[in-house]
Every structure is written in structure tokens, then in C-alpha cells.
């Protein structure tokens, strides 16, 4: 009896046992992009009790389809783990021009005690347009000030913010003072000037971290802001440092290490390639700015933002994609196409999927629950008729969050269907 036949018999017995114990939902024949860098061209996946129960190659096992409640025959279609967008205001803003819908920027400069979780709106019309492109989770992130507050990871489906929470208060966001700033409303085309207050602003961060570390080590009277910083020193929370210039990245890493911050994540990191050895030595992941943008410097190659992901991959630095910037909440729907652009400029396709899923889940501390299609993880995935990273062929047909089927209609498709024949 050869090895392949033994594996077939074992898999057959395993599936029979699963099916006889409790009926499950079965997906047959899909091209499964597992999120961990692997792909199964002819897959079989089953889910039970909201979790993935089986992932295998359909050509190597036998099953009894009659043992399952529901069967989806998805031959030739693509199955992906739910994409995760980090560093976004999705769900805490609705209309850019209406200030009353902005729940991401609190009054004051130092707000580590501000929580984005309770401001999250699960009924946002923007969110339902993002889901239908395969983005199923978001790190909802506050903005503004020196310390913006604490982000939380939310499912993009739920009755309320409690129901939608995947991980509450995963980290604190620090906006590192920039050594330089650009003038003019045209942003990247303006002139670059030195920030004369840079040293003063950095010293303010040092004082804050020193006081926070002292508070962490002592039994002082309760201080709400200092209490909120304690997770940075215990390792329970990440410190997300929003920083772009090379010298600022070096300073941010050195100062954070000086004050015993355990888990650092660079957000933005437009000059990360220039200090790649420093980042790699300290094993720090990077959440990239949206790559559909102009280079930071006018003399940089126009395609430098597109190539950044492949260079980080070549140097074994964990990274993920984000879509921060103008109209970022509604722009979140374009997150998969950012990864598609990176693939065109050298990033391996399955590594691009991993950056959108498992790598982001690891950075956010939720990889034990989501981020890949593996037995025991939550059944949070979607099925597309075409390539989900290609804006032309992407067509999401089925969405599941924690095993629950989610409607693929959104506000835009409803209006389209309503008026298309008028």
C-alpha cells in the first residue's frame, strides 16, 4: 500500500468521523489561498460551529457529500481569508465634510485613555461597501495630537460595537514629530522645511515615556492617562509609531527601546528602506502607507511606493498594507488593489495575500483567531469569482464572518439595481 493511498484512507476516515459527529457546511473545489503563503488549487473546506473544521486537497481525499447540511460547489473560484485593514478611521467617520460624523480626533494632545472601540458604528454605509471587496476586519484607529489614543480591531459586521469587537485596545498610537514638513496645499509637491520645534517635541515624548515607566513600576495614586500606558511596558499592547523620515525612524526605535517598550510597530515608514537594517535588527513590523500615492520626495522614482513591499519581503520584514490619507474610510475598499499593485512590482502573489491577512493578524495580535484558513480558526473568509487583487476580475460572491453568511449587497449595488433600467 503506497503512501498516497494511506493518506487517502486516513483523510476519508477523518472526514467521515467529522460528518457523523455533527453536520457541517462544505466548500468544494475552490482555489484556496490559505493566507500563510500556501495555496490549494482544488480544495475542500468545511466549517462547524463558526470555525474551520477541515482544510484539504480534494484530489487526495474522499467524502460523502450527503453528510453535510449545506454544500457550496465553488470550482475554479478563489477562496481567501478575510482581508484586514490596519490603521483606519473606517467606522468612526462617515462624511468627511460633516464634522459631527468625525469620532476619531479628541480634544487635547495626549490622550492614551481615548478608546476608538466604543465610537465604532456598525451601521455605516461605507463599511458595507468595503466588505464586498473582501475586507472583513479593521483596526479602527484614532487620529490627532501627540498620543491619539487606543485602537481596537473590529469585525465589519455586527449588531453593535460590543458584538463587532475582535480585540479591544490592541495598542496606543504615537504621532512622532517630523524633522521636516512640507509646505503648500499640494503636499508632496511643496517645499520641504526643517521643523524648528522638533527637539522640543521629542523631549516631550521622552518625559511622557519616563513618567509612564515610573508609574508602571510604582504603586502611585490612580492616574487615568498613566494607567492607560501600562500595557506598553507589560507587553499587553503595541506602541504604533506613526513616522516616515529615516532619522525619525531611528530616533523613535532607540527612544522606545530606552524606555522598555516591548512591542513596537512602525506605521507609514516611507523611508523604511533607508534604515532597513535597523528595523530588521529590532524585529519591528511595518504598516505601510497606502502605496497608491506619489513618492515623498520629488526626485524619487515614481514607482518607489509600489516597490516598497517587495523590498521588505526580500529582507524578511513583516509588513501589512493600509490606506491612510485623504478619504481613507471609503478608500479602504481599495486595499486589495494596493496589494495587487505591489504584486505587479515584484511582490509574490501569495505573500501579498499573507500581508493582507496573516501578517496583519500577527501584528494586531489576533492571529490565533483569524488571518488564515486553518483548522480551528474562525470561519472568516470570502469567495470571489475572479482574482480579489484585480479590480477588473474581483467579484465577491460569498462572505462569511465567524461562520455566519453576510449579505454581499451594499448601498451602492442596491441603488444600481434600482435605477439600472430607468
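Those strands (runs of 3 or more DSSP E) of segment 156-246 in which 1 or more residues are more than 25 Å from residue 258 (Cβ to Cβ) and without any contact (Cβ under 8 Å) to a residue 24 or more places away in the chain occupy 180-182, 192-194. Scan segment 369-394 for residues that are surrounded by fewer than 16 Cβ atoms within 10 Å (Cβ to Cβ) and under 15 Å from residue 131 (Cα atoms) and jot them down. Selection gives 391 alone.
How many residues does segment 28-50 contain that are assigned to a strand (DSSP E or B) and crowded, with 18+ Cβ neighbours inside 10 Å?
Going through segment 28-50 one residue at a time, the tally reaches 11.
Out of the residues in segment 111-130 meeting the condition of being in contact with a strand residue (DSSP E or B) (Cβ under 6 Å, 6 or more places away or on another chain) and outside any strand (DSSP E or B), tell me which one is nearest to residue 385 (Cα to Cα).
Residues of segment 111-130 that are in contact with a strand residue (DSSP E or B) (Cβ under 6 Å, 6 or more places away or on another chain), as a first pass: 111-112, 114-117, 120.
Then keep just the ones that are outside any strand (DSSP E or B); that gives 111-112, 114, 116-117, 120.
Working: 111: 44, 112: 43, 114: 41, 116: 35, 117: 33, 120: 31 Å.
Out of the qualifying residues, it is 120.
Each residue in segment 275-302 was checked for being at negative phi and either modelled with pLDDT of 95 or more or outside the structural domain of residue 252 (by TED's automatic domain parsing) (or both), and 13 pass. Restricted to segment 51-66, and to residues there that are more than 21 Å from residue 368 (Cβ to Cβ) and surrounded by 16 or more Cβ atoms within 10 Å (Cβ to Cβ), the residue that is nearest to the chain's Cα centre (by Cα) is 56. Is at least one residue of segment 292-301 in contact (Cβ under 8 Å) with a residue 24 or more places away in the chain and closer than 22 Å to residue 365 by Cα? No: zero hits.
Based on what the data block shows, is residue 212 more than 24 Å from the chain's Cα centre (by Cα), under 18 Å from residue 148 (Cα atoms), assigned by TED's automatic domain parsing to the domain that holds residue 167 and buried (at least 16 other Cβ atoms within 10 Å of the Cβ)? Taking the combined requirement at face value, the residue satisfies it. For segment 272-283, the criterion of being assigned to a loop (DSSP other than H, G, I, E, B), touching a helix residue (DSSP H, G or I) at 6+ places or on another chain (Cβ under 8 Å) and buried (at least 19 other Cβ atoms within 10 Å of the Cβ) is met by no residue. Taking helices (runs of 4 or more DSSP H) as the structural unit, those lying wholly within segment 301-368 and holding at least 3 residues that are over 17 Å from residue 36 (Cα atoms) correspond to 304-314, 328-331, 335-344.
The values are calculated or read from the model by the stated rules, or taken from the named source; none is laboratory data. Since we're looking at a predicted model, the values are computed, not measured. Glycine also receives a Cβ, built like all others from the backbone with ideal geometry; neighbour counts cover every protein chain displayed.
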